[in-house]
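Participant: Supplied in C-alpha coordinates, the structure appears directly below.
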Amino acid sequence: AYNIRNWMEHDKLKDIYLYTQSQEGLELKFQKLEEPIVTRWWLVGACAVSFLAAQQVWTRICDGIRKTAPSDSASYKVAVSTLALIKEPMIMSDVHLIAAFHNWFLFSHFKWCQLGDPEVGGTPSFQSRHMLVRFFIMLTQVEDTMEEKWMDIAEFNKFVRSLENINDNKKEIQKKKVEHFLRIVKGSLTKHFKMWVSEKLFSSPSLAKKQL
(Lines give C-alpha, C1' and ligand atoms only; values in the text may rest on other atoms or scores of the structure.)
Protein backbone atom coordinates (compact mmCIF):
# COMPACT_ATOMS: atom_id res chain seq x y z
CA ALA A 1 0.00 0.00 0.00
CA TYR A 2 2.82 2.39 0.94
CA ASN A 3 4.73 1.75 -2.30
CA ILE A 4 1.65 2.12 -4.50
CA ARG A 5 0.81 5.40 -2.79
CA ASN A 6 4.35 6.72 -3.29
CA TRP A 7 4.27 5.75 -6.96
CA MET A 8 1.09 7.73 -7.40
CA GLU A 9 2.87 10.91 -6.32
CA HIS A 10 4.83 10.97 -9.59
CA ASP A 11 3.36 12.57 -12.71
CA LYS A 12 5.41 10.19 -14.89
CA LEU A 13 3.59 7.21 -13.43
CA LYS A 14 0.28 8.97 -13.98
CA ASP A 15 1.07 9.26 -17.70
CA ILE A 16 2.12 5.60 -17.85
CA TYR A 17 -1.04 4.57 -16.01
CA LEU A 18 -3.36 6.52 -18.31
CA TYR A 19 -1.62 5.20 -21.43
CA THR A 20 -1.66 1.60 -20.19
CA GLN A 21 -5.31 1.65 -19.19
CA SER A 22 -6.23 3.00 -22.62
CA GLN A 23 -4.29 0.11 -24.18
CA GLU A 24 -6.27 -2.28 -21.98
CA GLY A 25 -9.51 -0.70 -23.17
CA LEU A 26 -10.39 0.52 -19.68
CA GLU A 27 -11.62 3.88 -18.44
CA LEU A 28 -10.35 4.24 -14.91
CA LYS A 29 -9.71 7.58 -13.27
CA PHE A 30 -6.19 8.03 -11.93
CA GLN A 31 -6.68 9.04 -8.32
CA LYS A 32 -4.08 9.63 -5.66
CA LEU A 33 -4.81 7.89 -2.39
CA GLU A 34 -5.78 9.95 0.62
CA GLU A 35 -3.64 10.29 3.72
CA PRO A 36 -4.58 7.78 6.45
CA ILE A 37 -6.06 10.48 8.69
CA VAL A 38 -8.58 8.31 10.52
CA THR A 39 -6.79 4.96 10.50
CA ARG A 40 -4.19 3.10 8.47
CA TRP A 41 -6.93 0.57 7.72
CA TRP A 42 -8.55 3.24 5.58
CA LEU A 43 -5.39 3.49 3.45
CA VAL A 44 -4.97 -0.30 3.26
CA GLY A 45 -8.60 -0.79 2.26
CA ALA A 46 -8.53 2.00 -0.31
CA CYS A 47 -5.35 0.54 -1.82
CA ALA A 48 -6.92 -2.92 -2.07
CA VAL A 49 -10.06 -1.59 -3.76
CA SER A 50 -8.08 0.62 -6.15
CA PHE A 51 -5.60 -2.12 -7.02
CA LEU A 52 -8.28 -4.71 -7.79
CA ALA A 53 -10.20 -2.26 -9.97
CA ALA A 54 -7.08 -1.70 -12.08
CA GLN A 55 -5.27 -5.01 -11.64
CA GLN A 56 -4.75 -5.47 -15.39
CA VAL A 57 -3.23 -2.01 -15.64
CA TRP A 58 -0.91 -2.44 -12.65
CA THR A 59 0.19 -5.88 -13.87
CA ARG A 60 1.12 -4.48 -17.26
CA ILE A 61 2.90 -1.49 -15.71
CA CYS A 62 4.91 -3.71 -13.35
CA ASP A 63 5.84 -6.03 -16.20
CA GLY A 64 7.01 -3.07 -18.26
CA ILE A 65 9.12 -1.73 -15.40
CA ARG A 66 10.58 -5.20 -14.83
CA LYS A 67 11.73 -5.31 -18.46
CA THR A 68 13.16 -1.79 -18.67
CA ALA A 69 14.29 -0.55 -15.24
CA PRO A 70 17.81 -1.23 -13.86
CA SER A 71 17.75 -4.37 -11.69
CA ASP A 72 19.20 -2.48 -8.72
CA SER A 73 16.59 0.31 -8.82
CA ALA A 74 13.77 0.66 -6.30
CA SER A 75 11.13 0.70 -9.05
CA TYR A 76 12.42 -2.62 -10.42
CA LYS A 77 12.36 -4.27 -6.99
CA VAL A 78 8.84 -3.02 -6.24
CA ALA A 79 7.58 -4.09 -9.67
CA VAL A 80 9.09 -7.58 -9.45
CA SER A 81 7.80 -8.10 -5.91
CA THR A 82 4.32 -6.91 -6.90
CA LEU A 83 4.20 -9.28 -9.88
CA ALA A 84 5.24 -12.20 -7.67
CA LEU A 85 2.47 -11.39 -5.20
CA ILE A 86 -0.15 -11.09 -7.96
CA LYS A 87 0.65 -14.65 -9.01
CA GLU A 88 -0.07 -16.00 -5.51
CA PRO A 89 -3.76 -17.05 -5.26
CA MET A 90 -3.74 -16.84 -1.44
CA ILE A 91 -2.32 -13.31 -1.53
CA MET A 92 -4.89 -12.15 -4.06
CA SER A 93 -7.62 -13.80 -2.01
CA ASP A 94 -6.41 -11.78 0.98
CA VAL A 95 -6.56 -8.59 -1.08
CA HIS A 96 -10.15 -9.42 -2.03
CA LEU A 97 -10.96 -9.95 1.65
CA ILE A 98 -9.51 -6.56 2.61
CA ALA A 99 -11.43 -4.89 -0.22
CA ALA A 100 -14.64 -6.66 0.80
CA PHE A 101 -14.28 -5.49 4.39
CA HIS A 102 -13.54 -1.94 3.24
CA ASN A 103 -16.61 -1.76 0.99
CA TRP A 104 -18.94 -3.64 3.32
CA PHE A 105 -18.02 -2.09 6.65
CA LEU A 106 -15.12 0.27 7.11
CA PHE A 107 -15.75 2.88 4.40
CA SER A 108 -19.35 3.71 5.27
CA HIS A 109 -18.85 3.80 9.05
CA PHE A 110 -15.59 5.71 9.07
CA LYS A 111 -16.89 8.12 6.46
CA TRP A 112 -19.79 8.79 8.83
CA CYS A 113 -17.35 9.35 11.69
CA GLN A 114 -15.72 12.16 9.68
CA LEU A 115 -18.99 14.02 9.29
CA GLY A 116 -20.16 16.74 11.62
CA ASP A 117 -23.29 16.97 13.73
CA PRO A 118 -25.37 19.90 12.37
CA GLU A 119 -27.09 20.26 15.76
CA VAL A 120 -23.82 21.18 17.48
CA GLY A 121 -22.02 23.26 14.90
CA GLY A 122 -21.24 20.72 12.18
CA THR A 123 -17.55 20.42 13.12
CA PRO A 124 -16.07 17.45 11.20
CA SER A 125 -15.53 14.26 13.24
CA PHE A 126 -17.69 15.40 16.17
CA GLN A 127 -20.51 12.87 16.38
CA SER A 128 -20.58 12.28 20.13
CA ARG A 129 -24.36 12.32 20.49
CA HIS A 130 -24.76 9.45 18.05
CA MET A 131 -21.85 7.19 18.95
CA LEU A 132 -23.82 4.81 21.16
CA VAL A 133 -26.31 4.06 18.39
CA ARG A 134 -23.53 3.82 15.80
CA PHE A 135 -21.66 1.36 18.04
CA PHE A 136 -24.77 -0.83 18.24
CA ILE A 137 -25.21 -0.72 14.46
CA MET A 138 -21.56 -1.62 13.81
CA LEU A 139 -21.48 -4.39 16.40
CA THR A 140 -24.72 -5.91 15.15
CA GLN A 141 -23.48 -5.80 11.56
CA VAL A 142 -20.35 -7.75 12.51
CA GLU A 143 -22.16 -10.29 14.71
CA ASP A 144 -24.81 -10.97 12.05
CA THR A 145 -22.08 -11.77 9.54
CA MET A 146 -20.15 -14.37 11.54
CA GLU A 147 -20.44 -18.16 11.14
CA GLU A 148 -19.98 -17.91 7.36
CA LYS A 149 -23.02 -15.68 6.86
CA TRP A 150 -20.59 -13.36 5.06
CA MET A 151 -20.69 -15.80 2.13
CA ASP A 152 -24.15 -14.50 1.24
CA ILE A 153 -23.19 -10.81 1.33
CA ALA A 154 -22.71 -9.09 -2.04
CA GLU A 155 -19.52 -7.28 -1.06
CA PHE A 156 -17.86 -10.62 -0.33
CA ASN A 157 -18.77 -12.20 -3.69
CA LYS A 158 -15.36 -11.64 -5.29
CA PHE A 159 -13.59 -12.95 -2.22
CA VAL A 160 -15.77 -16.07 -2.28
CA ARG A 161 -14.95 -16.55 -5.97
CA SER A 162 -11.24 -16.19 -5.19
CA LEU A 163 -11.52 -19.34 -3.08
CA GLU A 164 -12.09 -21.32 -6.28
CA ASN A 165 -8.44 -20.76 -7.22
CA ILE A 166 -6.96 -22.47 -4.16
CA ASN A 167 -7.03 -26.04 -2.86
CA ASP A 168 -9.42 -27.27 -0.19
CA ASN A 169 -6.95 -26.99 2.72
CA LYS A 170 -6.09 -23.39 1.92
CA LYS A 171 -9.75 -22.66 1.27
CA GLU A 172 -10.55 -23.68 4.84
CA ILE A 173 -7.71 -21.49 6.07
CA GLN A 174 -9.22 -18.52 4.24
CA LYS A 175 -12.65 -19.18 5.72
CA LYS A 176 -11.20 -19.41 9.23
CA LYS A 177 -9.26 -16.24 8.52
CA VAL A 178 -12.50 -14.34 7.86
CA GLU A 179 -14.06 -15.59 11.10
CA HIS A 180 -10.94 -14.71 13.07
CA PHE A 181 -10.79 -11.31 11.42
CA LEU A 182 -14.41 -10.60 12.35
CA ARG A 183 -13.71 -11.61 15.95
CA ILE A 184 -10.82 -9.15 16.02
CA VAL A 185 -13.07 -6.42 14.62
CA LYS A 186 -15.72 -7.16 17.25
CA GLY A 187 -13.12 -7.06 20.03
CA SER A 188 -11.67 -3.82 18.71
CA LEU A 189 -15.12 -2.20 18.57
CA THR A 190 -15.87 -3.24 22.15
CA LYS A 191 -12.52 -1.89 23.32
CA HIS A 192 -12.47 1.43 21.51
CA PHE A 193 -16.16 2.27 21.95
CA LYS A 194 -16.16 1.39 25.64
CA MET A 195 -16.43 5.04 26.70
CA TRP A 196 -19.58 5.46 24.61
CA VAL A 197 -21.47 2.66 26.34
CA SER A 198 -20.55 3.65 29.87
CA GLU A 199 -23.28 4.00 32.51
CA LYS A 200 -21.83 7.45 33.25
CA LEU A 201 -23.39 8.72 30.03
CA PHE A 202 -26.88 8.24 31.49
CA SER A 203 -28.64 10.00 34.33
CA SER A 204 -28.52 6.94 36.58
CA PRO A 205 -27.00 3.44 36.60
CA SER A 206 -30.44 1.82 36.58
CA LEU A 207 -31.45 3.77 33.50
CA ALA A 208 -28.20 2.83 31.81
CA LYS A 209 -28.78 -0.85 32.43
CA LYS A 210 -32.29 -0.62 31.02
CA GLN A 211 -31.02 1.16 27.94
CA LEU A 212 -28.24 -1.34 27.29
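Participant: Search the stretch 98-150 for residues being of a type in the set (D, E, K, R) and at positive phi, and hand back the single one that is most open to solvent (accessible area, probe 1.4 Å).
Facilitator: Here the answer is E147.
Participant: In addition: For F135, indicate whether it is in contact (Cβ under 8 Å) with a residue 60 or more places away in the chain, out of contact with any Leu (no Cβ under 6 Å at 6 or more places or on another chain) and not polar (S, T, N, Q). Before you say what the answer is, go through the steps one by one.
Facilitator: On the way: in contact (Cβ under 8 Å) with a residue 60 or more places away in the chain: yes; out of contact with any Leu (no Cβ under 6 Å at 6 or more places or on another chain): yes; not polar (S, T, N, Q): yes.
Judged against the criteria, F135 is a match.
Participant: For residues that are closer than 16 Å to A46 by Cβ and among the polar types (S, T, N, Q), tally how many sit in the stretch 108-129.
Facilitator: Qualifying residue count for the region: 2.
Participant: Say whether the condition of being under 21 Å from M138 (Cα atoms) and not hydrophobic (A, V, I, L, M, F, W, C) is met by at least one residue in the stretch 41-56.
Facilitator: For the stretch 41-56, residues under 21 Å from M138 (Cα atoms) and not hydrophobic (A, V, I, L, M, F, W, C): present.
Participant: Something else about it: Between a first residue in the stretch 153-166 that is under 15 Å from E88 (Cα atoms) and a second residue that is open to solvent by 70 Å² or more (accessible area, probe 1.4 Å) and assigned to a helix (DSSP H, G or I), which pairs have beta carbons less than 9 Å apart while being 6 or more apart in sequence or on different chains?
Facilitator: L163/K170; I166/I173
Participant: Kindly list the number of the only condition in (1) under 21 Å from the mean Cα position of the chain (by Cα); (2) farther than 20 Å from R40 by Cβ; (3) at pLDDT below 95 that fails for L132.
Facilitator: Single failed check for L132: (1).
Participant: Would you call K170 in contact with a helix residue (DSSP H, G or I) (Cβ under 9 Å, 6 or more places away or on another chain) and more than 24 Å from C113 (Cα to Cα)?
Facilitator: Working: in contact with a helix residue (DSSP H, G or I) (Cβ under 9 Å, 6 or more places away or on another chain): yes; more than 24 Å from C113 (Cα to Cα): yes.
So K170 passes the test.
Participant: Could you give me the residue pairs with C-beta distances under 9 Å whose first residue belongs to the stretch 82-93 and is farther than 14 Å from K171 by Cα, whose second residue is of a type in the set (D, E) and in a helix (DSSP H, G or I) wherever it lies, and which are 6+ apart or on separate chains?
Facilitator: Qualifying pairs under 9 Å: L83/D63.
The values are calculated or read from the model by the stated rules, or taken from the named source; none is laboratory data. Here the structure is a predicted model, which means the values were calculated and not measured. Methodologically, a virtual Cβ is constructed for each residue, glycine included, from the backbone with ideal geometry; neighbour enumeration extends over all protein chains shown. Accessible surface areas use protein heavy atoms only, side chains included; no ligands, DNA or RNA. Shrake-Rupley method; radii C 1.70, N 1.55, O 1.52, S 1.80 Å.
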